[in-house]
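The values are calculated or read from the model by the stated rules, or taken from the named source; none is laboratory data. Since this is a predicted model, take the numbers as computed values, not measurements. Virtual Cβ from ideal backbone geometry, glycine too; neighbours counted across all protein chains shown.
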Amino acid sequence: MSQPPNQTPPNLQDVVTGDISGLFDAIPFVHWLGLTASRDAEGVLCVMPFSQRLIGNPVLPALHGGMVATFLEATALAVVVDAQNDPDARCGKEIPRMISTTIDYIRPAGPKDTYGRAEIIRLGTRLATVVATIWQEDPARPVARANCHFLVASGASSASKS
Amino acid sequence: MFDDLPITWAEFRCRSGRAPGPHPGIMAELGAMIESLAPEGIRVRVPYQPLMIGDTGRNVLHSGLLMILLDSLCGISIIQKLPAPASIATLDLRVDYLRAISAGLDLIITGVCYKMGRNVGFSRGAIYTTDPSDPAAIANGTFMLGTAGDPSPLLTSEAQGQSA
C-alpha cells in the first residue's frame, strides 16, 4: 500500500545539532511526504514537491487542508531547529514539541510545488512562537499562514524561567 | 446507503458520489475505516503504520498526521450535512496537541458539525486511542461551503434562514 520510510532514519537529536537540510529525513512522516528544508541567503526555505498523494479535492483539484497544515508546521519546526543550532542562542534546546497550531487558509492551493518560510516571534527557554507562511508561485500571494507554539524545554529546571 | 459499516474510506467516497482522482487520497492510503456516520458525530479508525512516526527518539506519532486526520474528519462532518454535493474548502483550522501518541495503537478520530450557515460550516474533531475521555488532540474547523465554480447548495436554497 505505502512504501516504508527509511529503514534507519537518522536520530532526530543528532540532526537538531547539525545541518538543517537533514532534518526532514529524520522525521519518518515528513520524509514520507517528501518535504525538504535548506538554508539560503534569506534563511530557511522549505519545499513540498507536488505529488498526487497531497490532493484532497480531485475535482478542483486542490491540496488537502491537512497537507497544507503539515507543511506549515514542518516549516515552523525547521526554523526553530535552525535557531536552536546557534551555539550562542540562549533558548530551550530540546527537540520542539507541538503545543498548538492555528491555520488561516488564504487561497486555494493548486496541484503544484509549495514553498514555505517562517518567522520566529519569540524563542524562549521553554516556548517558541512562530508564524509560517507558504506560497506556490508568488511569495506575495500566500496560500496559507500558521501560528505555531512549540515547547522547547520541559524539564523542571527550566520551569520557572520562561 | 451506509447500513453496513465499517466501510473503507474509498468506498465511502464512492457511495457519496464524490469523483475519484488519480490517487485514492491520503485517508484511503492510510487505511481509514468509517465506523459511524451518525448525525451526532462521525467516527473513523486508522491503523498504525511506522511511516506515521514524528519523533523516533520518543517513538511518538507526527503532529502533521494528526492535522490531516482532523481536517478530514472536520471536513466530512460538514460534507455529510450538505443538502446536495458540493466542494468545501478549509478556511480555518485550530489544533491543540493535548498529549503525544505512542507508536503502535490504532487511532480513533471523531468529527461533528455543530453549525451549517449558508456560506460557512463549523465543526469539531478529536483523536484518541483507547479512551474517548482522554483525547490526544482536538480541533476546531471552519469551512467554506462551495468553491469557485462549485457554489454552496445552501446559498441557492430559499429555505435557509439568515446566517453566515
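Observations
- Residues being away from chain B (no Cβ under 14 Å) and crowded, with 24+ Cβ neighbours inside 10 Å - total across segment A:63-91: 1
- Residues of segment A:26-52 that turn out to be acidic (Asp, Glu) and under 12 Å from residue A:74 (Cβ atoms), as a count: 0
- Contact annotation: residue pairs with Cβ atoms under 9 Å, 6 or more positions apart or on different chains, pairing a residue in segment B:118-134 that is farther than 13 Å from residue B:75 by Cα with a partner that is of a type in the set (Asp, Glu), are B:128/B:134; B:129/B:106; B:130/B:106.
- Test set (1) in contact (Cβ under 8 Å) with a residue 12 or more places away in the chain; (2) surrounded by 14 or more Cβ atoms within 10 Å (Cβ to Cβ) - residue B:83 fails condition number: (2)
- Where strands (runs of 3 or more DSSP E) sit wholly within segment A:51-162, those with at least 2 residues that are in contact (Cβ under 8 Å) with a residue 24 or more places away in the chain occupy A:97-105, A:114-123, A:127-135, A:144-151.
- Criterion: surrounded by fewer than 22 Cβ atoms within 10 Å (Cβ to Cβ) and within 8 Å of another protein chain (Cβ to nearest Cβ) - qualifying residue of B:21, B:75: B:21
- Options B:90, B:56; residue that is within 12 Å of another protein chain (Cβ to nearest Cβ), touching a Pro at 6+ places or on another chain (Cβ under 7 Å) and not hydrophobic (A, V, I, L, M, F, W, C): B:56
- Selection from segment A:105-121 of residues that are under 16 Å from the mean Cα position of the chain (by Cα) and either surrounded by 15 or more Cβ atoms within 10 Å (Cβ to Cβ) or over 30 Å from residue A:60 (Cα atoms) (or both): A:114, A:115, A:116, A:117, A:118, A:119, A:120, A:121
- Filtering segment B:8-27 to residues that are touching a residue at least 40 places away in the same chain (Cβ under 8 Å) and aliphatic (A, V, I, L, M) leaves B:26, B:27.
- Output for segment B:25-53, where each listed residue is more than 9 Å from chain A (Cβ to nearest Cβ) and either of a type in the set (D, E, K, R) or in a loop (DSSP other than H, G, I, E, B) (or both): B:32, B:35, B:39, B:40, B:43, B:45, B:47, B:48
- Looking at A:103, A:99, A:55, just one residue is more than 30 Å from residue B:147 (Cα to Cα) and either within 13 Å of chain B (Cβ to nearest Cβ) or among the aliphatic types (A, V, I, L, M) (or both), and that residue is A:99.
- Residue in segment B:98-110 that is crowded, with 18+ Cβ neighbours inside 10 Å, more than 14 Å from chain A (Cβ to nearest Cβ) and of a type outside the set (Asp, Glu) present: yes
- Top-ranked residue of segment B:1-18 - restricted to ones that are more than 14 Å from every other protein chain (Cβ to nearest Cβ) and not acidic (Asp, Glu), ranked as surrounded by the most Cβ atoms within 10 Å (Cβ to Cβ): B:12
- Screening segment A:15-36 for residues that are within 11 Å of chain B (Cβ to nearest Cβ) and not in a helix (DSSP H, G or I) and picking the one that is modelled with the highest pLDDT gives A:35.
- Of the residues B:30, B:37, B:5, the single one that is in contact with a Phe, Trp or Tyr (Cβ under 7 Å, 6 or more places away or on another chain) and either in contact (Cβ under 8 Å) with a residue 12 or more places away in the chain or not hydrophobic (A, V, I, L, M, F, W, C) (or both) is B:37.
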